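What follows is a short report on a single structure.
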Amino acid sequence: MTGFKVNPAALITYAKVVGDPNAGGSSIDHKYAIDAGKYADANVKLEEGGGGLIFKAVVGKTNDVHQQLIADHSTIGTTLVESANGLNKASQEYRNHDFSSAQKIDSVYKPGGVTATDFQVDDSAAPVDPASKLVAPSAEGAVPDMVQKILDGAGFFSESDLVLKILGWCGLDVKAFVLDRFLGDFGAIAKVKSAIEHLGEFDEVAATDIVEGADVMLKSWSGNGADAAKSYFDQVANALEGRAAALKQLAGKYNDVLVGVQQLGSAIEGGITGAIDAAIEAAAAVAAAGCLQEVPGLDVLMDIVGAWRVTKVFDEVHKVISIWNIAWSSSEGFIGATAGLAGVLGSYNVAAKLPKMGYYNASQGSAPNYDDNTDRRHGPQ
């Protein structure tokens, strides 16, 4: 082992950084439980009521993301609190022994399964409060009211009642079609994306604070126990860094959905414009035939304007339906995109990345093996 030295006060000081309940709410554990917890509850959520198919799909997956955040915060908090307790107990044990006895205790502390990781930090920078990253989410990247945009862009509201009736006879109730698919508060989705980005920034700061705080503690503590502590808290920090990366990737998925909505809306708008143009041509033929009265139905319409004109309307309507079906159900469509929202964070198992148990020192009993199959927080693996 390296030369042994210890300043028990340094362990207590770092415990207050990590998760000491007596730290007055400033510990990183408290930040996860209170600051990040409240922020996620307030901002990583969407209202259940209303909305079309796209929006409803995102609502459901966002609720799944919210539940995963709650579970992650609980797991991280448990690790931090247990580690703070371990540091406090180790400090007390060191205080209870003279130097030679403490050195002997440290000499037998050789836990397995903990390997130092390469976690680079700028130790010249002042510590940052992770909660400072939890600013109000931005709606940047939000799409406009897609229902209004599509209907306005296609000139829906400027067309005659007869034109709209012809479209309806051919199977396209334009307004109902667009409402059923594109209704929703897409600005709220943009805010969820922004909030997730800020939670990732929170993780990054928390990870840096954990490593830098450990570095300060280890200036007053060396030996087997100190070496294991460094490895342990490096592992904690890397688990948080990994979650930050998963959150950034998740925010990117939300952005993909928003961009997809804009692109699909433009494609649908173009398709509806083509269908309206074909229906206008049919309506003009009706007028030219002197049949300006109510046209009773599709069969009569075909007799008046010719089957080829009606078929043209049908073809344009089918294009609109086809555009939607391809975008919605293809492997790269919205079903896949929205399914991926919950999958990104769910696939990063922070509990598996964190050490199996809270920091534990030989002064508290037999030295543990951190990668054994016993996990006090989650049961046998």
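Just one of the listed residues (Lys89, Lys38) is modelled with pLDDT of 95 or more, of a type in the set (Lys, Arg), open to solvent by 70 Å² or more (accessible area, probe 1.4 Å) and assigned to a helix (DSSP H, G or I), namely Lys38.
Scanning segment 172-201 for residues that are open to solvent by 20 Å² or more (accessible area, probe 1.4 Å) and not in a helix (DSSP H, G or I), which turns out nearest to Lys31 (Cα to Cα)? Restricting to residues being open to solvent by 20 Å² or more (accessible area, probe 1.4 Å) and not in a helix (DSSP H, G or I), the top hit is Asp185. All conditions but one from (1) in a helix (DSSP H, G or I); (2) closer than 30 Å to Ile335 by Cβ apply to Lys45; the one that does not is (1). The criterion of being closer than 27 Å to Leu264 by Cβ and in a helix (DSSP H, G or I) does not hold for Val17. Within segment 167-185, the set of residues being touching a residue at least 24 places away in the same chain (Cβ under 8 Å) and within 36 Å of the chain's Cα centre (by Cα) comprises Val174, Lys175, Phe177, Val178, Leu179, Asp180, Arg181, Phe182, Leu183, Gly184, Asp185.
Restricting attention to segment 8-25, the residues that are within 18 Å of Phe233 (Cα to Cα) and of a type in the set (S, T, N, Q) add up to 1. Taking segment 310-369 as the region of interest, how many residues are of a type in the set (Ser, Thr, Tyr), at pLDDT 80 or above and in a helix (DSSP H, G or I)? Looking only at that region, the number is 4. Taking the condition open to solvent by 60 Å² or more (accessible area, probe 1.4 Å), assigned to a helix (DSSP H, G or I) and at negative phi, does Thr78 pass? For Thr78, the condition - open to solvent by 60 Å² or more (accessible area, probe 1.4 Å), assigned to a helix (DSSP H, G or I) and at negative phi - is not met. Condition check: under 23 Å from the mean Cα position of the chain (by Cα) and in a helix (DSSP H, G or I). Does Ala228 satisfy that? When the stated conditions are applied, Ala228 does not pass them. When Ile268, Ile280 are screened for being at pLDDT 95 or above and either β-branched (Val, Ile, Thr) or open to solvent by 10 Å² or more (accessible area, probe 1.4 Å) (or both), only Ile268 passes.
The values are calculated or read from the model by the stated rules, or taken from the named source; none is laboratory data. It should be emphasised that the depicted structure is a prediction, and the values quoted were computed from it without experimental measurement. In this analysis, Cβ positions are derived from the backbone assuming ideal geometry, glycine residues included, and neighbour counts consider all displayed protein chains. Only protein heavy atoms, including side chains, enter the accessible area calculation; ligands, DNA and RNA are left aside. Shrake-Rupley method; radii C 1.70, N 1.55, O 1.52, S 1.80 Å.
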